[in-house]
1. Of the residues Asp114, Asp196, which is in a helix (DSSP H, G or I) and open to solvent by 70 Å² or more (accessible area, probe 1.4 Å)?
2. Would you check which residues across the range 18-51 are in contact (Cβ under 8 Å) with a residue 60 or more places away in the chain and either assigned by TED's automatic domain parsing to the domain that holds Leu168 or of a type in the set (D, E, K, R) (or both) and list them?
3. Can you work out which of the residues in the range 222-244 that are farther than 24 Å from Tyr79 by Cα and surrounded by 14 or more Cβ atoms within 10 Å (Cβ to Cβ) is farthest from the ligand (Cβ to nearest atom)?
4. With the structure loaded, tell me whether Thr174 is touching a residue at least 12 places away in the same chain (Cβ under 8 Å) and either closer than 23 Å to Pro70 by Cβ or not assigned by TED's automatic domain parsing to the domain that holds Trp72 (or both) or whether it fails that test.
5. I'm trying to understand the selection: among the residues of the range 26-39, which are surrounded by fewer than 15 Cβ atoms within 10 Å (Cβ to Cβ) and touching a helix residue (DSSP H, G or I) at 6+ places or on another chain (Cβ under 9 Å)?
6. Considering only the range 149-161, how many residues are within 17 Å of Ile131 (Cβ to Cβ) and surrounded by fewer than 20 Cβ atoms within 10 Å (Cβ to Cβ)?
7. Are there any strands (runs of 3 or more DSSP E) wholly within the range 40-94 with 2 or more residues that are surrounded by fewer than 14 Cβ atoms within 10 Å (Cβ to Cβ), and if so which?
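The values are calculated or read from the model by the stated rules, or taken from the named source; none is laboratory data. Since we're looking at a predicted model, the values are computed, not measured. Glycine also receives a Cβ, built like all others from the backbone with ideal geometry; neighbour counts cover every protein chain displayed. What goes into the accessible areas is simple: the full protein's heavy atoms, side chains included, and nothing from ligands, DNA or RNA. Shrake-Rupley method; radii C 1.70, N 1.55, O 1.52, S 1.80 Å.
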Amino acid sequence: MTNTTKINPNAPTQGSVLAVQHYTDTLFSFSLTRPAGFRFRSGEFIMLGLMGEKNGKPKPLLRAYSIASPAWDDKLDFYSIKVPNGPLTSKLQNIQIGDHVLLGKKPVGTLVLDALLPGKRLFMFSTGTGIAPFASLIRDPDVYENFDQIILTHTCREVAELSYGIELVKSVRTHEFLGDLVDGKLTHITSVTRADHPLKGRITNLLTSGVLFNHVDGGPLDPKTDRVMICGSMDMTQDTKAVVEGFGLKEGSNSAPADFVIEKAFVG
Ligand code: A2P
């Protein structure tokens, strides 16, 4: 007798919820167990979700999520918005420890070291939940081996939306092993666009005005020494890409590494 059961190699696997943290009415993070054999490069994203239904039949409801933990970690971290009436996030925001979350099998993405040429400074420009892939990368020792300076910028509308990044960077600086590695190399710059904050304004404006470069060593972006990763809304990534290109940097990819890479953050 032959076994006719078809096994779909791309069918989702799952992780169970280890922790959930809510930051604001619209932002939360969670950690999942990492399935055995689940491999990825720091900065990549994966399809993630819950079982939904369509026409009365169960159907996975999946969205792209950047993995916010580094490739060496034995758990998987994610950072999410809560979209009002969003099909997935309106349910996902209620997950509890021990619940199961579906995970795609094939992590992909361009915010990876492999897509950049060697350089001295690595800038990571993020807005909102676009900080997630950088939460992975700033905890990857390879980043500190490849670059002398890592400058992570995070811009949000309101001050409370910066909390995730501030807690993350604090945990990196005080981490048993990472602490020494990042010492003197990692710079975290926060700006806010719709409230009072020491640094105000969109990343695009901070770059074009040059104000950003008052906060880092080495002056304006230079294609000879600087590499850039960009993650935020569709508009943010496109506008920031145009500004970065204005400094003479060229876009790279996994197959053709160059000076900068972009990825749209999870939106709905
Ligand atoms: P602003 O408050 O001026 O719109 P969002 O939640 O809309 O993705 O915004 C997150 C952050 O990104 C906000 O600080 C927002 O600034 C900023 N932002 C939105 N659109 C752009 C853009 N096209 N270029 C640069 N920054 C942007």
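1. Exactly one of Asp114, Asp196 is in a helix (DSSP H, G or I) and open to solvent by 70 Å² or more (accessible area, probe 1.4 Å), namely Asp114.
2. The answer is Arg39, Arg41, Glu44.
3. That would be Thr225.
4. So Thr174 fails the test.
5. Scanning the range 26-39 gives no hits.
6. 4
7. Correct list: 45-54, 57-66.
Residue by residue, here is whether (1) within 30 Å of Val244 (Cβ to Cβ); (2) more than 16 Å from the ligand (Cβ to nearest atom); (3) touching a strand residue (DSSP E or B) at 6+ places or on another chain (Cβ under 6 Å) holds:
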residue	(1), (2), (3)
Asn85	no, yes, no
Ser90	no, yes, no
Gln96	no, yes, no
Val108	yes, yes, no
Val112	yes, yes, no
Gly119	yes, yes, yes
Leu122	yes, yes, yes
Ser126	yes, no, yes
Gly130	yes, no, yes
